[in-house]
1. May I ask you to say which residue of SER69, SER73, SER77, SER82 is at positive phi and polar (S, T, N, Q)?
2. Take GLY90 and tell me if it is within 24 Å of ARG55 (Cα to Cα) and open to solvent by less than 40 Å² (accessible area, probe 1.4 Å).
3. Out of everything in region 171-184 that is touching a Lys or Arg at 6+ places or on another chain (Cβ under 9 Å) and not aliphatic (A, V, I, L, M), what residue ends up being most open to solvent (accessible area, probe 1.4 Å)?
4. In region 140-192, how many are part of a loop (DSSP other than H, G, I, E, B) and on the phi < 0 side of the Ramachandran plot?
5. Residues of region 13-59 being aromatic (Phe, Trp, Tyr) and farther than 17 Å from ARG94 by Cα, which ones?
6. Report the residue count in region 119-139 for those that are assigned to a strand (DSSP E or B), open to solvent by 20 Å² or more (accessible area, probe 1.4 Å) and closer than 16 Å to GLU91 by Cα.
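The values are calculated or read from the model by the stated rules, or taken from the named source; none is laboratory data. As the structure is a computational prediction, the values presented were derived from the model and not from experiment. Positions of Cβ are generated from backbone atoms using ideal geometry, with glycine treated the same way; all protein chains shown enter the neighbour counts. Accessible surface is based on the protein model in full, side chains and every heavy atom, while ligands, DNA and RNA are left aside. Shrake-Rupley method; radii C 1.70, N 1.55, O 1.52, S 1.80 Å.
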Amino acid sequence: GTPNPVADLLVHDTQTGVTTTMDVREGAPFSDGVVGHYIWAAQWAKDGSEILVQRTDRLQKHFDLGACSIATSKCRSVVRESRPATWTEGEPPRFLNDGKRFIWTSERTDFRNLYLYDVSGQQLAELTRDAFDVVDIVKVDEQAGWLWYTARSGDNHMLVQLHRVRLDGSGNRRLTDTKLTHRVDVSPDGRYFVDVEQAHDK
């Protein structure tokens with residue numbers, strides 16, 4: 001019954017000795033219903049102008065990726081997910097090499113799909129739009145414009161399959177046999193993959 005501890009995000013300047021508290025709750029007081037009740041996974045933006053942080057309310061009905069300005073200490077929501085009837089599950093964004101675009105995992109369709117965003121909050125592409133769950137990102141080849149990922153896309157959702165899709169969301173294709181489950185390693189040039197196939201009865 002004791003009050004919950006308050007989590008804040010602070011930035012310390014080693015040259016001036018000044019410590020600044022980021023406004024992770026965007027001016028709202030600390031409470032159960034405010035996004036920013038819990039904050040974690042802080043990381044610097046590539047250009048050093050912002051700190052990116054994951055935030056949620058205490059009941060985890062709303063989850064977002066926040067960006068906090070070093071110059072002003074103000075924070076903004078880059079991407080926000082809301083599921084008032086249940087709860088949200090968030091994952092760290094997978095940034096591309098430019099530090100501006102990132103792959104975002106979301107269950108907004110009731111299935112786990114992948115989206116491409118930039119740090120302004122603009123959705124650039126719906127990478128997957130499937131009625132089954134993505135399991136994991138295996139490889140991103142930015143130069144060739146391909147993403148490899150695993151998903152539960154067969155008749156048996158226990159069996160994991162390898163897919164490949166372009167970074168604009170086109171050309172999505174399953175590459176493995178749905179009668180088996182697969183653990184894969186894609187070659188550096190993306191031309192081949194090593195596939196360990198398994199069945200439940202062997």
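1. SER73
2. It is true that GLY90 is within 24 Å of ARG55 (Cα to Cα) and open to solvent by less than 40 Å² (accessible area, probe 1.4 Å).
3. The residue in question is ARG173.
4. Matching residues across region 140-192 total 27.
5. PHE30, TYR38
6. Residues that pass the stated criteria total 4.
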